[in-house]
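Notes for the one structure printed next.
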Amino acid sequence: MLKTRIIPCLDVDNGRVVKGINFLNLVDAGDPVECAKRYSESGADELVFLDITASSNRRETIVETIRKVSEVTFIPFTVGGGIRSINDIEKILQAGSDKVSINTQAVLNKSLITEGANNFGSQCIVVAIDSKKVNGIDHVFIYGGREDTGITVLDWVKECENCGAGEILLTSWDKDGTKSGFDDELLAKVTKKVKIPIIASGGGGTMNHFVTAALHGGASALLAASVFHFGEIDILELKKYMAKNGVQVRLDI
Amino acid sequence: MIGIIDSKICNIYSLTNMLKKLNADFIIFDNPENIQSVDRIILPGVGAFPKAMENLSKSGLKDAIIQFARSGKPVLGICLGMQLLFDKSTEFGISEGLGLIPGEIIKIKTDLVLPHIGWNDLSIKPGCKILERVDNGADVYFVHSYRAETDTKYIAATTNYGELIPAVVYKDNVYGAQFHPEKSMKWGEIILSNFIKL
């Protein structure tokens, strides 16, 4: 049986993990390499790095970070943030990343999804979607949640699938940071709409939230940040809990 | 010395990092020159079958790999590299493979989501050397939408995704892994170290 994946997400600014991982007794909690290695050894199934660097040399910095992470981390990882072209995708994959995630640019230029899939295979093109409810309807937001595209999430996931996306990383901005649970209702609609894996993000606060997002939402993978980084939820404990509650997970780490 | 075939369609950096961890020496080949000097080769790959075969044919590596395999030295195909070992594929029309293991590559028949992405467990038949010390039920990382269709005698391990999928295949000195050993933590490390010691 395919296992439901647990994915910690790390924000990287200028080569440093922001709000570092502060429970694993790391020598340097801001070092992406150290964080990635420890997570891979603690039962994480995959990692996502979100590059939030604003400076002009961002591409060089993140590529260098990926190279170093790839040397010591033998689980798959995805890199997102500011990817605008096929050339950007190629650089990141060549540095050792398994996948890239594209968010705003995918909306502005759908052909980037198709070209990325044609050039490197669907499996490495993840479309990240930020959703917010507008009058009860889930809309796609871009530019870091600042701009409403007016496109519904349900239409956009179908479009992404048709364009050749390999996976969808769906973040509910209504739920993000609330620790009140993933948006299981939206997940259930989306996972019925498309036949590609959905990574759920936003709202995971208790171990049971992860169980219901998998069982009721149908998510293939569950992503969270602070609950893992601050040690509020231990990944291995979480996976044991999920297994006990009927979700298949990888326990033999 | 391991020869890694660079078919120019995927990053081989993760694989070389795992080989470094295992203290294995390797050379990367993007053309057939001197390929017969290594004692084993790894053929990695992600992406589309026809493009990969086209690149291998153009560079002359296709014939070189076939010749290498016939000499009896070990060959390991990973993911798309495993699929290339077979006679042909139906991905984007019919295209010819390396023909080192009898069989063909077809789309996975399932109602489940595709690609088949993530950790899935191996059901292992005893007898294949690269699976020594790997537990039955070991979870390894898969990313693919196509699978091998071949005689059971060439299948050393399967995984279940709506149907049984060949996960490790072998014929004499030629081995293939549908999953990514270089991304599969300890089990992947054991499999690659077994291959290096063949």
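The values are calculated or read from the model by the stated rules, or taken from the named source; none is laboratory data. Everything numeric here is computed off the predicted structure, so don't read it as measured data. A quick note on method: Cβ atoms are made from the backbone with ideal geometry, for glycine too, and the neighbour counts reach across all protein chains shown.
Name the one entry in A:Ile113, A:Ile125, A:Ile102, A:Ile92 that is surrounded by 18 or more Cβ atoms within 10 Å (Cβ to Cβ), in contact with a Cys (Cβ under 7 Å, 6 or more places away or on another chain) and β-branched (Val, Ile, Thr).
Exactly one of A:Ile113, A:Ile125, A:Ile102, A:Ile92 is surrounded by 18 or more Cβ atoms within 10 Å (Cβ to Cβ), in contact with a Cys (Cβ under 7 Å, 6 or more places away or on another chain) and β-branched (Val, Ile, Thr), namely A:Ile113.
Taking A:Asp51 as the residue in question, decide whether it is modelled with pLDDT under 95, buried (at least 21 other Cβ atoms within 10 Å of the Cβ) and charged (D, E, K, R).
yes
Which residues, counting only those in segment A:213-238, are in a helix (DSSP H, G or I), touching a helix residue (DSSP H, G or I) at 6+ places or on another chain (Cβ under 9 Å) and within 14 Å of chain B (Cβ to nearest Cβ)?
A:Ala214, A:Ile235
Scanning segment B:104-122 for residues that are touching a strand residue (DSSP E or B) at 6+ places or on another chain (Cβ under 7 Å) and part of a loop (DSSP other than H, G, I, E, B), which turns out nearest to B:Ser71 (Cα to Cα)?
Looking at residues that are touching a strand residue (DSSP E or B) at 6+ places or on another chain (Cβ under 7 Å) and part of a loop (DSSP other than H, G, I, E, B), I get B:Leu122.
Does segment A:1-36 hold any residues that are in contact with a helix residue (DSSP H, G or I) (Cβ under 8 Å, 6 or more places away or on another chain), within 14 Å of another protein chain (Cβ to nearest Cβ) and either without any contact (Cβ under 8 Å) to a residue 24 or more places away in the chain or more than 14 Å from A:Thr61 (Cβ to Cβ) (or both), and which are they?
Result: A:Thr4, A:Ile6, A:Ala36.
In segment A:181-200, which residues are more than 14 Å from chain B (Cβ to nearest Cβ), assigned to a loop (DSSP other than H, G, I, E, B) and among the aliphatic types (A, V, I, L, M)?
none
Which helices (runs of 4 or more DSSP H) does segment B:1-103 wholly contain that include 1 or more residues that are of a type in the set (Phe, Trp, Tyr) and in contact with a strand residue (DSSP E or B) (Cβ under 8 Å, 6 or more places away or on another chain)?
Filter on segment B:1-103 gives B:49-59, B:61-70.
In this structure, does A:Gly43 turn out to be at pLDDT 95 or above, within 19 Å of the chain's Cα centre (by Cα) and surrounded by fewer than 23 Cβ atoms within 10 Å (Cβ to Cβ)?
Yes, satisfied.
Just give me the residues in segment B:90-105 being modelled with pLDDT of 95 or more and either closer than 12 Å to B:Met53 by Cα or within 10 Å of the chain's Cα centre (by Cα) (or both), in sequence order.
B:Glu96, B:Gly97, B:Leu98, B:Gly99
Can you confirm whether segment A:126-143 contains a residue that is more than 23 Å from B:Ala48 (Cβ to Cβ) and modelled with pLDDT under 95?
The answer is yes, given that some residue of segment A:126-143 is more than 23 Å from B:Ala48 (Cβ to Cβ) and modelled with pLDDT under 95.
Anything in segment A:64-123 that is over 19 Å from the mean Cα position of the chain (by Cα), of a type in the set (S, T, N, Q) and facing chain B (nearest Cβ under 10 Å)? List them, or say none.
A:Gln94, A:Asn118, A:Asn119 - these are the residues of segment A:64-123 that are over 19 Å from the mean Cα position of the chain (by Cα), of a type in the set (S, T, N, Q) and facing chain B (nearest Cβ under 10 Å).
Show the residue pairs that are 6+ apart or on different chains and have beta-carbon atoms under 6 Å apart, the first residue being within segment B:10-22 and more than 9 Å from chain A (Cβ to nearest Cβ), the second being not in a loop (DSSP other than H, G, I, E, B).
Short answer, once both residue conditions are applied: B:Ile12/B:Ile4; B:Leu15/B:Glu182; B:Leu19/B:Phe26; B:Leu22/B:Ser193.
Would you call B:Pro50 within 11 Å of chain A (Cβ to nearest Cβ) and under 30 Å from A:Ile66 (Cβ atoms)?
Taking the combined requirement at face value, the residue does not satisfy it.
What is the one condition in (1) surrounded by fewer than 18 Cβ atoms within 10 Å (Cβ to Cβ); (2) under 30 Å from A:Gly116 (Cα atoms); (3) not hydroxyl-bearing (Ser, Thr, Tyr) that B:Leu15 does not satisfy?
(1)
Restricting the first residue to segment B:140-166 and requiring it to be in contact (Cβ under 8 Å) with a residue 40 or more places away in the chain and away from every other protein chain (no Cβ under 14 Å), which pairs with a second residue that is basic (Lys, Arg) and buried (at least 23 other Cβ atoms within 10 Å of the Cβ) meet a Cβ separation below 8 Å and a spacing of at least six or different chains?
If the second residue must be basic (Lys, Arg) and buried (at least 23 other Cβ atoms within 10 Å of the Cβ), no pairs are left.
Evaluate the following for B:Thr150: is it surrounded by 16 or more Cβ atoms within 10 Å (Cβ to Cβ) and among the polar types (S, T, N, Q)?
yes
Among the residues of segment B:167-198, write down those that are assigned to a helix (DSSP H, G or I), within 14 Å of another protein chain (Cβ to nearest Cβ) and under 13 Å from the mean Cα position of the chain (by Cα).
If the condition is that a residue be assigned to a helix (DSSP H, G or I), within 14 Å of another protein chain (Cβ to nearest Cβ) and under 13 Å from the mean Cα position of the chain (by Cα), then B:Pro181, B:Glu182, B:Gly188, B:Ile191, B:Leu192 are the ones that fit.
When you scan segment A:146-157, how many residues do you find that are away from chain B (no Cβ under 14 Å) and in contact (Cβ under 8 Å) with a residue 24 or more places away in the chain?
5
Is segment B:160-172 home to any residue that is β-branched (Val, Ile, Thr), surrounded by fewer than 22 Cβ atoms within 10 Å (Cβ to Cβ) and modelled with pLDDT of 95 or more?
No, there is no match, as no residue in segment B:160-172 is β-branched (Val, Ile, Thr), surrounded by fewer than 22 Cβ atoms within 10 Å (Cβ to Cβ) and modelled with pLDDT of 95 or more.
Can you pull out the residues in segment B:83-117 that are of a type in the set (A, V, I, L, M) and in contact with a Pro (Cβ under 8 Å, 6 or more places away or on another chain)?
Residues satisfying the conditions are B:Val113, B:Ile117.
Residue-wise test of (1) at pLDDT 95 or above; (2) crowded, with 23+ Cβ neighbours inside 10 Å.
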{"site": "A:Gly150", "(1), (2)": "yes, no"}
{"site": "A:Asn162", "(1), (2)": "yes, no"}
{"site": "A:Glu167", "(1), (2)": "yes, yes"}
{"site": "A:Val190", "(1), (2)": "yes, yes"}
{"site": "A:Gly218", "(1), (2)": "yes, no"}
{"site": "A:Glu232", "(1), (2)": "no, no"}
